[in-house]
Every structure is written in structure tokens, then in C-alpha cells.
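Asks: Attaching a single structure in C-alpha cells format; questions to follow.
The values are calculated or read from the model by the stated rules, or taken from the named source; none is laboratory data. Here the structure is a predicted model, which is why all the values come from computation and not from measurement. Here the Cβ is made from the backbone with ideal geometry for all residues, glycine too, and neighbour counts use every protein chain on show. These area figures cover heavy atoms from the full protein model, side chains too; ligands, DNA and RNA do not enter into them. Shrake-Rupley method; radii C 1.70, N 1.55, O 1.52, S 1.80 Å.
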Amino acid sequence: MNSIDSLLNLLKDTPQGPFFNPWYQSDPEHDQDNNGPKVRRTQLKHYLKERLDTAKYLFIAEALGYQGGHFTGIAMTSERILLGHHKPVHGIPADGAFQTIKAQRTSKPAVKKKGMSEPTATIMWKAIYQLGIDPYETVLWNALPWHPYDSDDGLLSNRTPTDSELEKGYPSLKAFLELFPDGEIIAVGRKCEQSLDAFGISDYTPVRHPANGGAPKFRRQMKELIERR
């Protein structure tokens, strides 16, 4: 079993509680068919594989969101980005995630006609292109790889994971970092910083999470980070 397959195998172990596992679970209400998990596994596998020899920056945020990786299988990446609908609006090309397979949506068109769109994903990918960063030198991940949702609000919701829940992501985080040993770790948000600290990782650069009014500071810190290299 190669390293990516080992990571995918770890992702099978969904934590107890209100979590959605996009690579091994279907969202029967919102997935367009039963192939959703397989598509999301394939997309994640190719996304990682195409960056094994080129990764320079490892951007790690807190947890998967319902507007992003829930339907794409890739952290901080929305369907609208993969399908190219953000190119005319935000300058995000459709070929930035992978070149060896064709991107697919997994949500029903009735949910969102052009696919789900996540603000954090849009800000992240837009910053990558505006700063002239090669997207194949960038890998996006989450300290907690699964999607924590609010049991009262259903699968199309997000919630903040507890510290004990964040610990469940350590094995897959370790496997992810081993895939890219030369990549610079960039912690996106305080929760990710806490996870890395608790996991014994201190060699990282912190940046503000772009959500909840943090976008201007995030962009400024991203610019400073790139200019230092």
C-alpha cells in the first residue's frame, strides 16, 4: 500500500458523533447519485498525487466544511472552483486542482445550480493566484479531515470541533505531513495552531483564518509570507 492509499485508509475511521466522511459516506439528501464517495476519493487521491514532487506550501486549516470538501473531497476547495465557475468572477482557473482527471461535482444541481461555493475556499484560491503561487506547489488540508456538522441543522451546516475531537485527526495529519516532508507548514487559524502545538509540531507559520472578517489580514499575511521566500 503506497503512502496516499495509507492516508485514505486512515480516513475511513470517522469519529463518533455528528461527522460526515465525504470519502466513505453518501449524503443521500444532497448527493446527486451513489458515486459521490468514490468521486471524492478519486479527486483527493489525484490532488495529492499531482503535488508529491512539487509541494512547497502546506496550508492546514481546522476542519472540512459543508460548502467545500463535503462535496469535493478536497480541503478549502469548492465545487464551483473545480467546475471553473469562479474563473470569470475571481480569476480562479478550473485546472488548478488536478490535470490527470476531469473534475466532477457530487451535489445535486438542485442544491446549487453551479455547485457549492465556500467563502474560505474562494479567498484561499484567489490569494494563491493573485500572489502568483503555482497551485501545484500548494497543498490544502485540515487538522481534522472530516466534516463536523450541527446535528440539529443537518449535513449542510458547520460546527466548531472540540479539542478531543481535534485529536482524532492526529493520525491522518501525521500521514499527510509525511507525504510532503519538505513543505512549509502554514497554520490557517488559531484552532489549527492549537492542534499543531498539541501534536508537538512547532515549526509552522501562523496566518489569520479568512472567515469572520479575517480576509484582509489573511491576504496581507499571505503576501508577507511569499515575499520572505
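Asks: Quick check: anything in segment 140-149 in a loop (DSSP other than H, G, I, E, B) and under 15 Å from the mean Cα position of the chain (by Cα)?
Replies: Within segment 140-149 (the criterion being in a loop (DSSP other than H, G, I, E, B) and under 15 Å from the mean Cα position of the chain (by Cα)), the answer is yes, since at least one residue qualifies.
Asks: Quick check on segment 128-149. Is at least one of its residues open to solvent by less than 50 Å² (accessible area, probe 1.4 Å) and on the phi > 0 side of the Ramachandran plot?
Replies: Checked against the condition, which is being open to solvent by less than 50 Å² (accessible area, probe 1.4 Å) and on the phi > 0 side of the Ramachandran plot, segment 128-149 yields no hits at all.
Asks: Given the condition open to solvent by 10 Å² or more (accessible area, probe 1.4 Å), assigned to a helix (DSSP H, G or I) and of a type in the set (Asp, Glu), answer yes or no: does some residue in segment 4-23 qualify?
Replies: Yes, segment 4-23 contains at least one residue that is open to solvent by 10 Å² or more (accessible area, probe 1.4 Å), assigned to a helix (DSSP H, G or I) and of a type in the set (Asp, Glu).
Asks: Being within 17 Å of the chain's Cα centre (by Cα), without any contact (Cβ under 8 Å) to a residue 40 or more places away in the chain and either surrounded by 19 or more Cβ atoms within 10 Å (Cβ to Cβ) or closer than 20 Å to ILE226 by Cα (or both), is that true of even one residue in segment 101-121?
Replies: Taking every residue of segment 101-121 in turn, none turns out to be within 17 Å of the chain's Cα centre (by Cα), without any contact (Cβ under 8 Å) to a residue 40 or more places away in the chain and either surrounded by 19 or more Cβ atoms within 10 Å (Cβ to Cβ) or closer than 20 Å to ILE226 by Cα (or both).
Asks: Now for a different question. So which residues in segment 17-47 are among the acidic types (Asp, Glu) and touching a Gly at 6+ places or on another chain (Cβ under 7 Å)?
Replies: ASP27
Asks: Do you know which residues across segment 188-224 are part of a helix (DSSP H, G or I), without any contact (Cβ under 8 Å) to a residue 40 or more places away in the chain and not acidic (Asp, Glu)?
Replies: ARG190, GLN194, ALA198, PRO216, LYS217, ARG220, GLN221
Asks: Hey, does segment 34-48 have a residue that's assigned to a loop (DSSP other than H, G, I, E, B), open to solvent by less than 60 Å² (accessible area, probe 1.4 Å) and touching a residue at least 40 places away in the same chain (Cβ under 8 Å)?
Replies: Checked segment 34-48: no residue is assigned to a loop (DSSP other than H, G, I, E, B), open to solvent by less than 60 Å² (accessible area, probe 1.4 Å) and touching a residue at least 40 places away in the same chain (Cβ under 8 Å).
Asks: What residue, among those in segment 169-184 that are surrounded by fewer than 19 Cβ atoms within 10 Å (Cβ to Cβ) and touching a strand residue (DSSP E or B) at 6+ places or on another chain (Cβ under 9 Å), is nearest to HIS70 (Cα to Cα)?
Replies: The qualifying residue nearest to HIS70 (Cα to Cα) is TYR170.
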